[in-house]
Amino acid sequence: MTDQSTNASWGGRFSEATDAFVARYTASVEFDQRMYRQDIQGSVAHATMLCKVGVLTEQERDDIINGLNEIQSDIENGKFEWSIALEDVHMNIEAALTAKIGITGKKLHTGRSRNDQVATDIRLYMRDEIDVISAELTRLQQGLVELAEREADTIMPGFTHLQTAQPVTFGHHLLAWNEMLERDYARLQDCRKRVNQMPLGAAALAGTTYPIDRHYTAELLGFEAPTENSLDSVSDRDFAIEFTSAASLIMMHMSRFSEELVLWASAQFQFVDLPDRFCTGSSIMPQKKNPDVPELVRGKTGRVYGHMISLLTLMKSQPLAYNKDNQEDKEPLFDTADTLRDSLRAFADMVPHLQAKKEFMREAAMRGFSTATDLADYVVRKGIPFRDAHEIVGKAVAYGLETGKDLSEMTLEELKQFSNEISDDVFDVLTLEGSVAARDHIGGTAPDQVRAAAGRARQKLSARG
Ligand code: ARG
């Protein structure tokens, strides 16, 4: 990166060069150069439109487009020299274009400003990121649904307050995570609609005097429509806040998912085994296998929340229209996209290889009187009011705690001490299989329902574009 402190773009009005430190302080090229592809894409469309409306000749348009394409390959081959004096990605590319093709390069900026240019570039960038992130999210969901189908019959304890509550199937638990991600996907797609509006043509703030065709440029860039108001176009960053908010929800879900994996991989739970390649060891404790990936996803959730707050605070109280403050939108946005994409990718790679340790899950479900509600429901079916049934089962549980027996391990005589209505058929409901199979309605944990729900989830996933 070179560092000269004069800037040719506005030198005309200035009597001295920009202070070298100020040039560095105000520059964004170190981080916004990652939008070079979108910047070139936007410029190619702008030049094409300028030619269509007669502002550029076909020769000028072609020279500009060829020059921009060469610049793109220079950048991609590491042959491009970024300059801090040229402040940002936009002016770096424009200066390189003029250096390459001469005076025609200076015509590219006709009828636009960096204000609408940068707003366009970020939207193009966000649209690309949303598509990549949505694909990773879909891949993760596919893995979850497949695993849920494989584990539809696997029984584990379900928890409330992290205390054993009722038996559930592991497939059902996995599909709970899928539901969260399903809503997350819908939020991303909804956000994409507002990202996909084109600010180009708003110019600095008021529009331009050239006979531009914004509908045409929008079409060339795949935007749904040009934005309605030029002042709003150059200053709006709602779409960026919305994206970090959708990203925060995804990371929140991923952190819940992570927390469970960390717990479940512990020697105390032993519900799952994570593949070795997603874990690390300890340099001092030879027995350790640490669940680093879920721990990091859990940890990285914080920075994404932080970026959402940064952007909300960045926009708070800004007067219309563009303010230099807006240059600060990029780092939070880029880091949000990077963090989210990588976290989803790691999980999408890992989830299909999660090993359920069925014996441990089952043993845990046997502890903690997880079928107590089933016994209460059974007694109710024999004609006893629910409140009394609750009392009866409470006593049975107290007895179980004293004697160290699960409800299903008691004899009929033992159970009869609590209610005479209890008979032989009670053991059908006290088993773990009987308990889960009985919750046989849409949204319930019965294995058949899990298979049906997984089928519906799979269908939704395959209907995605
Ligand atoms: N680098 C600037 C940004 O990121 C580009 C727009 C600057 N516009 C201006 N009038 N200084 O927002």
Item to check | Selected residue (criterion: nearest to the ligand (Cβ to nearest atom)) from residues of the stretch 82-117 that are farther than 23 Å from A202 by Cα and among the β-branched types (V, I, T) | outcome: I84
Checklist outcome for this item: Heads up, the helices (runs of 4 or more DSSP H) in the stretch 369-465 (entirely inside) with at least 2 residues that are surrounded by 13 or more Cβ atoms within 10 Å (Cβ to Cβ), more than 45 Å from the chain's Cα centre (by Cα) and free of Cβ contacts under 8 Å to residues at least 24 places away in the same chain are 386-403, 412-416
Checklist entry - Which one of these is in contact (Cβ under 8 Å) with a residue 12 or more places away in the chain and within 30 Å of S233 (Cα to Cα): M308, M254? => result M308
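Residue-by-condition table, conditions (1) within 30 Å of R123 (Cα to Cα); (2) not hydrophobic (A, V, I, L, M, F, W, C):
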residue: K330; (1), (2): yes, yes
residue: L333; (1), (2): yes, no
residue: M366; (1), (2): no, no
residue: A376; (1), (2): no, no
residue: L401; (1), (2): no, no
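Output the helices (runs of 4 or more DSSP H) that fall wholly within the stretch 1-89 and possess 1 or more residues being in contact with a Leu (Cβ under 6 Å, 6 or more places away or on another chain), or say none. Quick ask: steps written out before the conclusion?
Working: elements: 20-26, 29-32, 36-52, 58-76.
Fully inside the stretch 1-89 and qualifying: 36-52, 58-76.
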Next on the checklist: What are the pairs with Cβ atoms under 6 angstrom where one residue, in the stretch 113-137, is free of Cβ contacts under 8 Å to residues at least 60 places away in the same chain and the other, located anywhere, is within 14 Å of the ligand (Cβ to nearest atom)? Sequence gap at least six, or different chains.
Outcome noted: R114/H90
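With the requirement that a residue be within 16 Å of the ligand (Cβ to nearest atom) and surrounded by fewer than 18 Cβ atoms within 10 Å (Cβ to Cβ), what does the stretch 39-81 give you? Walk me through it before giving the result.
Quick first cut of the stretch 39-81, residues within 16 Å of the ligand (Cβ to nearest atom) only: 39-40, 42-43, 46.
Within the stretch 39-81, no residue meets the criteria.
Considering only residues of the stretch 207-242 that are in a helix (DSSP H, G or I) and of a type in the set (S, T, N, Q), which is farthest from R192 (Cα to Cα)? Don't jump to the end; show me each part of the working.
Here is the first cut: in the stretch 207-242, the ones in a helix (DSSP H, G or I) are 214-220, 230-235, 238-242.
From what is left, the residues that are of a type in the set (S, T, N, Q) are 217, 230, 233, 235.
On the way: T217: 19, S230: 20, S233: 16, S235: 18 Å.
Top of the filtered list is S230.
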Next on the checklist: For Q33, only one of the following conditions fails: (1) more than 32 Å from the chain's Cα centre (by Cα); (2) surrounded by fewer than 18 Cβ atoms within 10 Å (Cβ to Cβ); (3) within 25 Å of L200 (Cβ to Cβ); (4) modelled with pLDDT of 95 or more. What is its number?
Outcome noted: (1)
Next on the checklist: Suppose we keep only residues that are of a type in the set (D, E, K, R) and surrounded by fewer than 17 Cβ atoms within 10 Å (Cβ to Cβ) within the stretch 346-360. Which one would you say is farthest from R150 (Cα to Cα)?
Outcome noted: E359
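The values are calculated or read from the model by the stated rules, or taken from the named source; none is laboratory data. All figures in this text were calculated on a predicted structure; none of them were measured in a lab. For neighbour counting, all protein chains shown are included, and Cβ atoms are generated from backbone atoms with ideal geometry for every residue, glycine included.
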